[in-house]
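Here is the structure we will look at, set down as structure tokens.
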Amino acid sequence: MVRSNANRRWLLGSLICSVWAVSAPVSAAEPPAVDATPAVQPAVPAAKPQTPAKKPAVTSVPSSKYRPARFAGRAGEYYRLIWGVDSLGVKWTESGEIIRFSYRALDPGKAKALNDKKSEPSLIDPRAGVSLVVPSLEQVGQLRQSADPEEGKSYWMAFSNKGRLVKRGDRVSVVIGQFRADGLVVD
């Protein structure tokens with residue numbers, strides 16, 4: 001006889017409830033209830049022992065359907081009004097060797113400070129106790145965009161995470177000259 005998983009769960013649940021009801025302790029204050037009808041339980045075929053499923057590999061990021069808050073609403077307003085940017089994001093690349101910081105320019109005049117070649121950007125992780133820098137490659141140069149910003153365009157810079165000290169879920173700060181964004185969550 002083939003039974004669906006739902007039927008098996010129902011039978012198992014009713015079996016557990018009946019065992020629990022039979023083995024429930026009776027208090028001395030109340031006499032046990034006597035049922036005049038005989039208890040007839042349906043015959044349950046012996047369940048096949050199931051092999052336990054392998055547990056999934058544990059990662060450093062707890063699985064949750066909720067995303068951490070990027071930053072408070074007032075902080076977002078501050079970045080829009082003072083620095084002319086929004087959509088700040090910090091992403092952990094697949095290999096973990098690079099952390100990518102990105103933003104969208106709303107006001108090119110105010111956002112120009114973030115693209116200034118003279119300012120040295122750094123990503124600070126207080127949990128790991130590190131300050132990451134933008135690497136400079138021989139034939140490519142610095143891994144950041146330094147052109148004059150245009151309204152509505154997104155820009156990025158990559159920080160070297162050698163040793164993978166910064167992890168997903170960490171709250172970090174990005175400092176570029178006078179600009180400072182605190183509490184950004186690494187995705």
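Values quoted throughout were computed directly from the atomic coordinates according to the rules given, and no laboratory measurement underlies them. Given the structure is predicted, the values throughout are model-derived calculations rather than measurements. Positions of Cβ are generated from backbone atoms using ideal geometry, with glycine treated the same way; all protein chains shown enter the neighbour counts.
Tabulated results
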quantity	calculated
Kirkwood hydrodynamic radius of the range 72-122, Cα pairs, Å	12.1
Entries of LYS110/LYS153; LYS112/LYS162; LYS118/LYS153; LYS117/LYS167 with Cα pairs more than 24 Å apart	LYS112/LYS162; LYS117/LYS167
Spacing of the two label points (7 Å from each Cα toward its C-beta) at GLN139 and SER87, in nm	3.2
Computed Kirkwood radius, in angstrom, where 1/r is averaged over Cα pairs of the range 110-187	13.4
Principal axis dimensions, largest first and in whole angstrom, of the range 65-157 by Cα	37, 36, 22
Most to least packed among 96-104, 151-159 [average Cβ atoms within 10 Å]	96-104, 151-159
ARG171 paired with ALA128, simple spin-label distance in nm, labels 7 Å along Cα-to-beta-carbon	1.8
Cα centroid separation, the range 76-107 to the range 136-187 (Å)	8
